[in-house]
Amino acid sequence: MRVRSSCPELPVERIRRALSGLPEARRYAIEVKPLRYRQRPHLSAWTDFSERTITLQVPEPFLPFGEVVPYGAQRRPGKGLKFIWLTEGVTFRTEREVLRFLYLHEWMHWYLREQLGKKSAAETACDRFALRNYRRRVVTADDADAALIRRSPA
């Protein structure tokens, strides 16, 4: 796994340890950058398919923070298409948790496009996959396939 870091407090070896046990996005480099926020920390990452990079931003300074993660939508009864977002609140206590969550989310975009040949814009499926797995020691492509079937994020 090719890893670059522009965060002095997150050297490459520490990032590699944080991401160990997670599936590799073959032929893609991982870039970790600081996220300088104005009001509160938040999650930020993206995959650049043309440059073949996955960029993860870690809030700087890092303070534990909460995020509401949508993992699905449920159709509301009645006329027209109306949905209720299904969400779960998550508290990120360490930079490791942020790195793992963001990487798994972006890896799922990579997996959908590069491995399955599908459109990569399945945000709720990517969030569902990351939500289910970021605290697990080992994550595989089978876990990604399971996340494509919507259930509660337990």
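Summary table
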| item | result |
| --- | --- |
| Dipole magnitude of the chain about its Cα centre (Cβ charges: Lys, Arg +1; Asp, Glu -1), debye to nearest 20 | 400 debye |
| Antiparallel DSSP beta bridges within the chain, as percent of all bridges there, nearest 5 | 55 percent |
| Carbon + sulfur, % of accessible area of the range 17-154 - ligands and nucleic acids excluded, 1.4 Å | 48 percent |
| Candidates 115, 74, 57: whichever shows maximal mean-square fluctuation once the chain is modelled as a Gaussian network with Cα springs under 10 Å | 74 |
| Label-point separation, residue 63 to residue 16 (7 Å along Cα→Cβ), nm | 3.4 nm |
| For residue 2, distant residues with modelled amide H under 5 Å away | 30 |
| Accessible surface, per residue, of the range 54-154 when the full set of protein chains is kept, probe 1.4 Å, Å² | 54 Å² |
| Inter-site label distance for residue 24 and residue 1 at 7 Å from Cα along Cβ, in nm | 1.0 nm |
| Pairwise centroid distance, computed over Cα atoms, of the range 94-134 with the range 1-59, Å | 13 Å |
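The values are calculated or read from the model by the stated rules, or taken from the named source; none is laboratory data. Remember, predicted model here, so these are calculated numbers, not experimental data. So basically every Cβ, Gly included, is an ideal-geometry build from the backbone, and we count neighbours across all protein chains shown. Only protein heavy atoms, including side chains, enter the accessible area calculation; ligands, DNA and RNA are left aside. Shrake-Rupley method; radii C 1.70, N 1.55, O 1.52, S 1.80 Å.
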